[in-house]
Structure formats: structure tokens, C-alpha cells
Amino acid sequence: MTNYQGRLNDTFRALADPTRRAVLATLTAGPASVSDLAQPFDMALPTFLQHLKVLEDCGLVRSRKVGRVRTCHLKPKPLADAEDWIGAQRTMWTKRLDQFDDYLKLLNATETRK
């Protein structure tokens, strides 16, 4: 597996969880402390930190500790890579479905001539 595909897999794995998607949505408004990010979720802090680790490991979130406060920032590059991949898939499948549609029309035209 290429490094790009591995990063893409990690991004989709991170996006597969609703808690992590909610964290990303919160971070679109700007940086936030870990405690602020964890506050809306009914889970222990160590469990929440595991979610943050997944987001950091795939590059969607970066954090920095100043004193006793760890602040998280959104890093959208992996989202752009995922969007590019989805766009390429959409283009490929649209082309294939258009070709299939053309083939079915050809078959239908051939049948009506008989």
C-alpha cells in the first residue's frame, strides 16, 4: 500500500466515527482546548483522548500544550485529499454509468429493429 493510500485509509477511519466528526466540526470554528472539546461528550477523558489520538495520527488535528492547557487545531489537508479521491471516484463511476447507459440504448435500438 502506498503512503498516500495509507493516509487516505487513516483519514476515512477517523471520519467513520461520529465523535471524531463532531470534534472536527467544532474545530472548524477555530482552535479549542481538549477540555472544551471533550465537554459535550458523555465519556471519560481517557476515552476522549483516544479519539483525539486517532485524529492527530491521521493529520486532521494538531495540538500544542502551553502550560497545563492543550489546544487543538484543525488541519484540513487530509480532508482535501479525501475529497480529491471521492471526486475521482465520482468521475470514474459517472463515466462508467454513462457508457453502460449508451450500451443499453444500443441494445434497445437493436431489439426494436428486429
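FYI, it's all coordinate maths here, none of it is from the lab. Given the structure is predicted, the values throughout are model-derived calculations rather than measurements. In this analysis, Cβ positions are derived from the backbone assuming ideal geometry, glycine residues included, and neighbour counts consider all displayed protein chains.
Things to note:
- Size of electric dipole in region 3-113: Cβ of Lys, Arg +1 and of Asp, Glu -1, about Cα centre, debye, nearest 20: 460
- Euclidean distance of C-alpha centroids, region 88-114 and region 1-64, integer Å: 42
- Here region 72-114 is assigned +1 on the Cβ of each Lys and Arg and -1 on the Cβ of each Asp and Glu. Its dipole about the Cα centre then comes out at about 80 debye.
- Acute angle (nearest 10 degrees) that the helix 45-57 long axis makes with the longest principal axis of the chain, alpha-carbon atoms: 50
- Relative contact order for region 36-114: 15 percent, from Cα pairs under 8 Å spaced at least 6 residues apart, divided by residue count.
- Label of the coordinate-derived value, Rg/Rh (Cα atoms, Kirkwood Rh), listed as (i) 1.29; (ii) 1.11; (iii) 1.01: (i)
- Signed unit charges on C-beta, dipole axis of the chain, positive-most listed residue 41, 4, 18: 4
- Between the Cα long axis of helix 3-15 and the first principal axis of the chain there is an angle of about 70°, rounded to the nearest 10.
- Helix 18-27 vs. the chain, principal-axis angle (Cα, 0 to 90°, nearest 10): 70
- Choice from 39, 50, 99 showing the highest fluctuation, given a GNM over the chain with Cα pairs closer than 10 Å: 99
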